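Asks: This is the structure I have questions about; it appears just below.
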């Protein structure tokens, strides 16, 4: 496993430290050579080592929040996503930690707790952004954990797969268009890449878990997965609004973000950039790790359908 160099909280990192940590977070090969079968002990060792080996030790307390021009500040602070984003990270951290308590495998439990800690750090980053730019926020609501820890973990994992895929494209489009200033993009970049590591970990846990379930438990698990996807579709098409308890602010997070910069994009361009960014952000990790496939698959279908529509209708 790669050595993790921790940057002290009270001091800013040198440029060399930042470059090294960023590279380590994006590139990793499992040291054991040879083919690795999904569900094997080797596969388990590989994916449970991923998060620790690629950890980026940035500290929210020393992130440099750039001074924004009045017009840019107004644009950023008026985005209708900050309450949702903070609450989403709070709940993700809580659900993952809750699920970790049910896991008997030591290395997997440690990896889940590591992931939970990173989600809590995302909340810290967002809270400091809110404080730096005086963004008004609602009080954080009470969050009740779900009765089924695995359900909460699956909802979190699949939600991040959906949201990360679109976040890649939205983030890149905001960067290209200047909607987010360059210095703010640089500050947020480690958080975006960190989510990519999370969905990579989740995809491999899912493949490993499925491979090791006996057939009768596998049937029940697949039914639960379909139920989770049904719930997420229900949530994201806007039927579930202001739902308390398990989900709440998770609903339509990506849709709120995309609506906010809709003037900067069209769906065809967004999907193309999402696919491009997804491939780029996963490229540096061991090729033997399973990649998240559902959203890229749906993205390619959507892109093909839009191209076909354009050929038929001319627009």
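Asks: Inside segment 205-224, can you point out the residues that are in a helix (DSSP H, G or I), free of Cβ contacts under 8 Å to residues at least 12 places away in the same chain and either more than 25 Å from the chain's Cα centre (by Cα) or closer than 19 Å to residue 50 by Cα (or both)?
Replies: Selection gives 215, 216, 217, 218, 219, 220.
Asks: Let me ask another. Given the structure, is residue 70 modelled with pLDDT of 80 or more, surrounded by fewer than 17 Cβ atoms within 10 Å (Cβ to Cβ) and more than 27 Å from residue 132 (Cβ to Cβ)?
Replies: For residue 70, the condition - modelled with pLDDT of 80 or more, surrounded by fewer than 17 Cβ atoms within 10 Å (Cβ to Cβ) and more than 27 Å from residue 132 (Cβ to Cβ) - is not met.
Asks: Consider residue 117 against the criteria (1) part of a helix (DSSP H, G or I); (2) in contact with a helix residue (DSSP H, G or I) (Cβ under 8 Å, 6 or more places away or on another chain); (3) in contact (Cβ under 8 Å) with a residue 40 or more places away in the chain: it satisfies all of them except one. Which criterion is unmet?
Replies: Result: residue 117 passes all but (3).
Asks: Among the residues in segment 157-175, are any surrounded by fewer than 17 Cβ atoms within 10 Å (Cβ to Cβ) and out of contact with any strand residue (DSSP E or B) (no Cβ under 6 Å at 6 or more places or on another chain)?
Replies: Within segment 157-175, none of the residues are surrounded by fewer than 17 Cβ atoms within 10 Å (Cβ to Cβ) and out of contact with any strand residue (DSSP E or B) (no Cβ under 6 Å at 6 or more places or on another chain).
Asks: From the set of residues in segment 177-187 that are surrounded by 14 or more Cβ atoms within 10 Å (Cβ to Cβ) and either more than 21 Å from the chain's Cα centre (by Cα) or in contact (Cβ under 8 Å) with a residue 60 or more places away in the chain (or both), which is farthest from residue 71 (Cα to Cα)?
Replies: From segment 177-187, those surrounded by 14 or more Cβ atoms within 10 Å (Cβ to Cβ) are 179-181, 184-187; that's our starting set.
Those left that are additionally either more than 21 Å from the chain's Cα centre (by Cα) or in contact (Cβ under 8 Å) with a residue 60 or more places away in the chain (or both): 179-181, 184, 187.
On the way: 179: 11, 180: 11, 181: 11, 184: 14, 187: 19 Å.
Among residues in segment 177-187 that are surrounded by 14 or more Cβ atoms within 10 Å (Cβ to Cβ) and either more than 21 Å from the chain's Cα centre (by Cα) or in contact (Cβ under 8 Å) with a residue 60 or more places away in the chain (or both), the one farthest from residue 71 (Cα to Cα) is 187.
Asks: If you don't mind, there's one more thing I want to ask. Condition first: in a helix (DSSP H, G or I), over 19 Å from residue 159 (Cβ atoms) and within 17 Å of the chain's Cα centre (by Cα). Can you find one or more residues in segment 190-204 that meet it?
Replies: Within segment 190-204, one or more residues are in a helix (DSSP H, G or I), over 19 Å from residue 159 (Cβ atoms) and within 17 Å of the chain's Cα centre (by Cα).
The values are calculated or read from the model by the stated rules, or taken from the named source; none is laboratory data. Predicted model, so just to flag it, every value in this text is computed and none were measured. Virtual Cβ from ideal backbone geometry, glycine too; neighbours counted across all protein chains shown.
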